[in-house]
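Comments concern the structure below.
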Amino acid sequence: DAEYLRYFDTEKDVYSKRIIPTVSITGVVNVGEQKFEVVTHNRTFLFRAECDSERSEWVTVLKSCVRATGLDVTFNPCVSYEMRGYLELRGLRSKLYTVVCADKVFLYKNAEEYRLGIGITSIDMNVGNVKEVDRRAFDLTTPYRIFSFVADTDQLKDQWVEAMRNSIAEALSNYEVAERIWAEPSNQMCADCSAAKPEWAAINLAVVFCKRCAGNDQSRPATADQSRPATADQSQPATLFLALGNERANQFWAANVPPSEALTLNSSSEERRRFITAKYREGKYRRYHPLFGNQRELNNALCINVQSSDVCETLALVFCGAEVSCDTGDPELASPIALAQHHGQNLQVEFLTQNRNTGVCLGEQVHYMAPPSVTHNGFLFKTASMARPITEKKGKEEFSRRWCVLNDGNFSYYESDKNATPNGGLKMKEIVCLAVNPPETHGYDHTFELYSDAERLYLFGTDNPETMREWVKSIAKSFIPAAAEDLLLKDFERIGRLRYKDRLNREMSRLGWFCLVGSSLHIRLEEHTTDETIDLQKLLELCDGRMLTNWTSPRRTLYIEGERKLDFQGWAAAIQRAAGSTGDTLSQQQLTEADIPVIVERCIHFTTQYGLTSEGIYRKSGVNSKIAALLEEFRRDARCVWLKEGEHQVDDVSNVLKRFFRDIEEGLFGQAADSWLSATEESSRICQYRLLFSNLPRVNQATLRALVNHLYCVQRFADLNQMTLHNLAIVFGPTLFQADGQDYSAGRVIEDLIQHYVTIFDVNEQQLQKQLDEITYIIKLRDNLTPKAGTGSGDFICTVYLEEKKETAEQHVKIPATMTAAELTFEILDRRKITVKEKDYWCCFEVNEKEELERPLHCQEKVLPIFHSLGTDSHLLVKKHFSMEAMLVYLASKVEVSKHGMMKFREERSLLGLSTGSFNDRYFILTSTSLRLYKEIRSNRPEREWPVKCLKVYQGIKRKLRPPTWYLCCDTQNEMREWFATFMSIQSGGRVWPAEWLKSRAANHSVPLDARFGNVSLIPLRGSENEMRNSVAAFTADPLAVSLISQSQPGSANHTANHVALCSQTQ
């Protein structure tokens, strides 16, 4: 407002977190992206807006308020007060400096901030009541909160109570001001609708109006002093209302109102809004001044008139274009305000001061165009709003029938279509996401969800699909900007805004609009003028972190950040579903860029690398349990399955491929399978095959081509694997045609496809020969190259330290999305040629130097999300976990993984911007699902409960981590180790340490000591397969190392303490 800049924790709070008098502001400056500084005499406040346009609007308004307060300050607690001093506010450990002044109570952190004029909040005493509680305590009760104060002595308490009661009396006595304004007969009726006893006044317009018309105050011209209750203590403005009055003001404002457009007592809110906009903002009905349109003459007339008492003429001049701050031509009296003061015209001074920042109506010279508006109404069924995702089906009994109205960017819902007062509502600019649920998700067949920026979820439903489509279309059109309106043409499942980063600019996030349609994500990014579409089934990698989702498509890497956890969880889950297999046909699988199912490509790739010399490949059976488990992994998320030698067997993988083709819906040859089998004449079969192949769907064509290419290569090495053309046809004929194999018709087709592969598929023979040469080279060297698709284009270079943070311990590691903490740890150890002994427990730790915290990452925890979440004071450190052996011994002795006992507990809280809280003894029970806190052992109900899977457990000394953070303090190191071990065991499903993985790794990573000659790798001409494989791997490794300059400060976080910090991920 004109007097103070206040900021609050949330938009629903009544009492501010900080209050800054505009008179103390010396400047407002733009700083960086979306940021601006508010500079006072002694302190600078840094703010950040959601976008540059909002930042510009804030800066403009603040500058105008600063200019407006240059002449007068309506109220300054540093100048006039009734009582001031320190009072203790219950709930805070420190006292607050409290000031009772006129009809308000101000709270400050201390006396110094009071002298500087920067407070915490102010309490309007016209809604307050003071009640004595005990010897030195008393309560100040308001409708929004109870402030419980404690004075130093009984005598001071009595003085404070008396001062606050006097303040309440003064606040209520100002009703006499309204009586003075109503003394003018025309002020006894609303200037707009003629309602009796209007209680609101627009000081700059000099009109009095009723509460219903006051609700449309935003339609009046903006000024430094907006509408106020007529009971507010404004002695000079009150005289202004007597001098003008509604009648004389309306002779200007309402000189040309058509009877058909005039308001009545029964006019609706919409009618009032239109009328007030036309009357005051557009000046549609005003009486035009004869000088209208001649700026110089208007300014001259204003300078002359302010020297007289004719305020009505001044009103007409100002609202027809005269400039309140125009040049008078007199250096000593440079403005009309100075002229009026010089001639003793106090009412003129008051009127000009109130209109110093008024936006002037330009009437017919400006063609007014209302902003685009979407209007829709009808009945919907609604549940209560929620602060967490909906995880279960909502029955019809949980919905309530509501009359819903969408109008002018506001969505309101009413008890019925006859009610005038809404039960609640949303502004369209507050909506960040709209999600359409699949049919029959809830009790009503068709439902949709609205997510607000206040972290609330609203669920609406109907049984009529057409009704839902109309509502979804109207709501989406109301909050999606014009720049992204092309997204509205899609039949979307989810649409909204998110912030994103790309690989080239990971420091600054930007705003984008996203629309999910099936497995396609349509995006309108901030810097683009056209939509971009990502086929989610063709992603190379998809990594989901706590508030970050990143994916790598064949062309780019994109990182999506969540500003709000509620709608981000919905986006992350929806993208995960869309990126997975959506059905049982080939086209519904996760695909490569070449339109081949990921499962087919990876099985073929693995078999080509490690199975072409395996005798009886594709004929021998694997382990059925392993085949079923691997196939289920592929079906769940093929993109996350990486086949590795040592972990997977060739026969298991080959049988997974066969079983996939046997089970796939519609088969590889689709509905035309019979046509393939009916081709009988040998002379024409090839031509028929070519024709049938060209008619297959795109994915089926790509898959068949890749499979036949693979089988052609297999039979070319039949002297090694014994799988001739005929043997392959016997195996794959019934499999691909999903037949019983009683005749050879299916086998004959497969045999023809392999034998005539070059002709049927138009293969370049030179390329085919090159492929065969490469396979021959692989067979000779048995190189265990990683899968070609395994190196994601979204990899990042991360700085990791070994044992302590210092320059000589830096290692720069390429982090793909699939890398685990165990893989990172042993890559660092391999680089430094550190031999891992039997009792060495090397781990990767997340270390926060500033907070003095560290957390051992679980061996299977993905590193990339951790890397993205690291702050400037955090880093990754590989070192020995000296407590791990004791933790494993403790866990081995436990029958069930649970724990209970007493610990000291502290929760950091913030009250009016001040930190508080202390350690208290509490009883904890940790189970496989939750951590529960009880006040004491005998308590029946827990005070708090958290899901274990959503907690991060840090170790060390805790100081400043923001809520929600809880501190647990144990008496001994052993006790803390037991709690820590139990947490890790529950969160990892009992796999705290990867003993089996280490054994298999050790068997596959035995590098011969003489494998290098200087810096050159040696390839043995004789030796075991392992020796050859390891030597060739070293020979083909990239000798170039990529390094980044670390900007982290030197230091070490290798310490432990008896403190554990739990950070909840479910804020």
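The values are calculated or read from the model by the stated rules, or taken from the named source; none is laboratory data. Computed from a predicted model, the values in this text were never measured in an experiment. Because the Cβ atoms are built from the backbone with ideal geometry, glycine has one as well, and the counts that use them run over all protein chains shown. We work out accessible area using only protein heavy atoms, side chains counted, and drop any ligands, DNA or RNA first. Shrake-Rupley method; radii C 1.70, N 1.55, O 1.52, S 1.80 Å.
Things to note:
- In order along region 401-406, the phi-based Karplus estimate (6.51 cos²θ - 1.76 cosθ + 1.60, θ = phi - 60°) of 3J(HN,Hα) comes to 6, 9, 7, 10, 10, 10 Hz; Gly and Pro are listed as x.
- Legend: calculated FRET efficiency, ASN940 to LYS839, from the Cβ-Cβ distance at R0 = 35 Å, rounded to 0.05, equals 0.20.
- Remark: accessible surface ordering of LYS814, LYS837 (largest first) is LYS837, LYS814, probe radius 1.4 Å.
- A simple rule links phi to the HN-Hα coupling: the Karplus curve 6.51 cos²θ - 1.76 cosθ + 1.60 with θ = phi - 60°, which for region 48-57 gives 9, 8, 6, 8, 5, 5, 5, 4, 5, 5 Hz, with x for Gly and Pro.
- With DNA, RNA and ligands ignored, accessible area of CYS404 (1.4 Å probe; Å², nearest 10): 0
- Heavy-atom accessible area order for ASP674, ASP486, ASP652, largest first, 1.4 Å probe: ASP674, ASP486, ASP652
- Per-residue SASA entry for LYS95, accessible area with 1.4 Å probe, Å² rounded to 10: 80
- Long-range HN-HN contacts of MET83 with modeled amide H, under 5 Å: VAL100
- At most 12 other Cβ within 10 Å, DSSP loop - trypsin sites (Lys or Arg not before Pro), region 584-630: LYS620
- Whole-Hz Karplus values for region 118-130 come out as 9, x, 8, 7, 10, 10, 6, 7, 5, 10, x, 8, 10 Hz, taken residue by residue from phi with 6.51 cos²θ - 1.76 cosθ + 1.60 and θ = phi - 60°; glycine and proline positions read x.
- HIS875 - accessible surface, heavy atoms, 1.4 Å probe, Å² rounded to 10: 10
- For region 23-70 and region 795-858, distance of Cα centres in Å: 44
- Heavy-atom accessible area, probed at 1.4 angstrom with all protein chains present, ranks THR929, THR872, THR142 as THR872, THR929, THR142, highest first.
- Sparsely packed GluC sites (Glu not before Pro) within region 822-923, loop by DSSP, other Cβ within 10 Å at most 11: GLU838, GLU896
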